[in-house]
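Below: one structure, written as structure tokens.
The numbers here are math on the coordinates, done by the rules we state, and not lab data. Not measured: the values here are computed from a predicted model. All Cβ positions, even for glycine, are placed from backbone atoms using ideal geometry, and neighbour counts span all protein chains on display.
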Amino acid sequence: MSSPMTGDTTADLAIIGGGFTGLSTALHAAEKGIECQVLEARKIGYGGSGRNVGLVNAGLWLPPQDVRQRMGEQRGAALIKTLGDAPEYVQSLIQKHQIRCEATRTGTIHAAHSPKGYADLARRADEWRRLGAPVDLLSRDQAAEAIGSERFYGGLVDRRAGTINPMGYVRGLARAAQGAGARVATGVTAQKLRRVGERWIVETDRGSVVAKSVVLGTNAYSDDLWPGLRQTFTMIHYFQLATVPLGSRSSSILSGGQGLWDTGPIMFSLRRDAFGRLIIGSMGTVIGGMTGLSRRWAARTLRRLFPDLGEVEFEHCWHGRIAMTPDHLPRIHRLAEGLYTPIGYNGRGITPGTIFGKAIAELLAGGREEDLPLPISEPKRVTSAAVMSRLYQMAFTANQYLKSI
Ligand SMILES: Cc1cc2nc3c(=O)[nH]c(=O)nc-3n(C[C@H](O)[C@H](O)[C@H](O)COP(=O)(O)OP(=O)(O)OC[C@H]3O[C@@H](n4cnc5c(N)ncnc54)[C@H](O)[C@@H]3O)c2cc1C
């Protein structure tokens with residue numbers, strides 16, 4: 001899938017990062033005739049994109065009214081509309097490029113973990129319905145029917161949303177970008193960015209790329225390539241375990257094929273894949289590999305939710321990094337002339353990564369910064385980011401421990 005990089009090269013656009021953001025930028029830019037060189041340090045999907053739950057959500061983490069309140073009526077409403085329509089756009093790319101990623105269009109369920117969580121969902125549902133979105137508020141009984149568990153206080157089904165195998169989607173974007181003419185090199189780390197005259201020089205461990213523009217699609221996996229960038233967000237982890245394929249044993253769980261996440265302050269997620277595996281996750285890292293604390297947490301949580309399921313075996317576990325911003329809104333920064341980075345997706349990156357990549361490509365093809373889905377902003381350091389990351393990690397570990405006994 002990767003075209004090797006040997007020695008120095010030139011391109012119109014150098015893109016650092018082989019995730020949704022970098023590859024969507026590459027695909028859309030290459031389709032506009034921009035010569036692109038993608039540089040990925042590890043492999044396609046190594047970052048959040050390949051480790052994702054697979055919930056193709058509409059809108060942002062925040063309810064629409066809160067987005068408008070934080071961004072202003074006009075820009076907020078425009079972003080909500082763009083990201084509300086974004087699952088449809090992701091599905092259209094999957095169709096157009098025949099991406100094999102187990103895509104479903106059956107919606108997602110945001111499940112209430114408490115009466116307070118249900119009140120939050122009702123508020124979201126009211127606003128989405130006012131905006132004409134196809135969302136349904138589920139009563140406790142309806143949620144029990146849809147989820148196959150009596151443990152939730154209700155739910156919000158968003159019929160614009162769906163699920164994917166995220167690694168399949170990100171690999172498909174890489175292939176589509178290459179098909180459109182982009183060069184995609186893996187195992188190449190960008191080590192330094194230098195501005196010389198009107199050009200950027202990206203120094204890597206395999207040679208340099210001279211380019212007019214550079215896009216950093218490194219999000220929570222940002223290193224020190226652009227000093228200070230990784231101090232602009234608080235990094236948290238999210239972990240998942242996948243059971244072996246469970247066949248008909250799992251068929252009453254999320255029988256409509258929706259992916260689920262809950263309203264708990266330490267979020268929990270569940271999806272049934274195309275092979276009948278249950279993929280269960282929460283905030284934090286995998287602790288103790290396939291036999292330790294996280295496995296006990298997963299087994300205990302499934303038993304609590306689905307007492308009839310019985311013992312299950314797990315076959316995979318992994319975790320990844322999420323970039324949280326203080327106001328839970330993503331950013332598009334112009335770090336310098338011709339150097340952009342969309343960043344800070346707050347755990348919601350399938351649709352924003354795809355859409356912001358497309359928008360950056362349009363900008364670099366001659367568009368205007370004013371037409372980006374987000375106003376360009378200056379990077380700001382979050383002074384407490386490292387301390388907050390550690391505190392969150394402690395809270396998430398305690399949560400795994402308490403819920404595994
Ligand atoms: C466990 C988990 C579950 C999630 N679930 C969901 C979900 O269900 N729905 C959803 O919408 N979002 C979800 N997210 C969020 C989403 O996955 C991310 O927001 C998204 O993947 C970010 O994409 P990206 O392309 O910007 O960055 P990434 O996919 O993180 O890619 C960044 C890449 O940059 C590379 N890189 C970094 N530095 C360099 C360098 N110097 N040189 C070369 N390459 C470099 C890294 O190797 C990495 O591959 C989840 C995230 C995690 C971690």
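How big is the charge dipole of region 210-345 about its Cα centre, in debye rounded to the nearest 20, if each Lys and Arg gets +1 on its Cβ and each Asp and Glu gets -1 on its Cβ?
The dipole magnitude comes to about 140 debye.
Can you list residues from other chains, or at least 5 along the same chain, whose modelled amide H is less than 5 Å from the amide H of SER377?
ILE332, HIS333, ARG334
What is the distance in Å between the Cα centres of region 108-133 and region 50-94?
If we compute the Cα centre of each part, the gap is 15 Å.
How far, in nm, would the chain grow between LYS403 and LYS32 when pulled straight, counting 0.36 nm per residue and subtracting the alpha carbon separation?
That works out to 128.5 nm of additional length.
When the helix-only estimate is applied to the chain (DSSP H runs of n ≥ 4, each -39,500 (n - 2.57), divided by the residue count), what is the mean residue ellipticity at 222 nm, nearest 500 deg cm²/dmol?
It lands at -10000 deg cm²/dmol.
Round to the nearest 10 and give me the degree value, 0 to 90, for the angle of helix 20-31's Cα axis relative to the longest principal axis of the chain.
50 degrees
At TRP318 and GLN98, where each label point lies 7 Å from the Cα along Cα→Cβ, what is the point-to-point distance in nanometres?
Using points 7 Å along Cα→Cβ, the separation is 2.5 nm.
Enter the angle in degrees (range 0 to 90, nearest 10) between the Cα long axis of helix 385-402 and the first principal axis of the Cα atoms of the chain, meaning the one along which they spread out most.
30 degrees
Using +1 on the beta carbon of Lys and Arg, -1 on that of Asp and Glu, and nothing else charged, what's the dipole of the chain about the Cα centre, debye to 20?
Its charge dipole is roughly 520 debye.
Restricted to Cα positions, what overall size does region 243-290 have along the principal axes? Three whole-Å values, descending.
Principal axes ranked by extent give 30, 27, 14 Å for the Cα atoms.
Points 7 angstrom from Cα along the Cβ direction at ARG199 and ARG368: gap in nanometres?
That separation, rounded to one decimal, is 3.2 nm.
Using Cα pairs closer than 8 Å and at least 6 residues apart in sequence, work out the relative contact order for region 1-76, in percent.
It comes to 25 percent, rounded to a whole number.
Taking the radius of gyration and the Kirkwood hydrodynamic radius from Cα positions alone, what is the Rg/Rh ratio for region 1-113, to two decimal places?
Taking Rh as the inverse mean 1/r over Cα pairs, Rg/Rh reads 1.03.
Stretched out fully, how many nm does the piece from GLU311 to ALA386 gain, at 0.36 nm a residue minus the Cα gap?
Stretched fully, the GLU311-ALA386 segment lengthens by 23.1 nm.
Got a sec? Which residues in region 118-137 would a label at ALA77 touch, if it sits 7 Å along Cα→Cβ and we count backbone N under 12 Å?
131
Hey, got a sec? Which GluC sites (Glu not before Pro) in region 332-389 land in a DSSP loop and have at most 15 other Cβ atoms within 10 Å?
GLU337
Cβ neighbours within 10 Å, averaged per peptide: list 283-292, 234-243, 20-29 in order, most packed at the top.
Going by the mean number of other Cβ atoms within 10 Å, highest first, we get 20-29, 234-243, 283-292.
For the chain, report the translational diffusion coefficient in µm²/s to the nearest whole number, using Stokes-Einstein at 20 °C, 1.002 mPa s, and a Kirkwood Rh over Cα pairs.
Once the numbers are plugged in, D ends up at 99 µm²/s.
Between LEU138 and residues 5 or more places away or on another chain, which pairs have amide H atoms under 5 Å apart, with H built 1.01 Å from N, and which residues are they?
For LEU138, the qualifying residues are GLY155, LEU156, VAL157.
For the chain, set up a Gaussian network in which alpha carbons nearer than 10 Å are linked by springs, and say which option among GLU73, GLU31, GLU150 fluctuates the most.
Among GLU73, GLU31, GLU150, the largest mean-square fluctuation in the Gaussian network model of the chain belongs to GLU73.
May I ask you to derive the FRET efficiency for ARG334 and PHE275 from their Cβ-Cβ distance with R0 = 51 Å, giving the value to the nearest 0.05?
Efficiency for this residue pair is about 0.70.
Can you give the extra length, in nm with one decimal, that the chain gains between GLU145 and LYS192 once fully stretched, where that is 0.36 nm per residue apart less the Cα-Cα distance?
So the extension gain works out to 11.5 nm.
Cα axis of helix 293-305 to longest principal axis of the chain: angle in degrees, 0 to 90, nearest 10?
The angle comes out at about 50 degrees.
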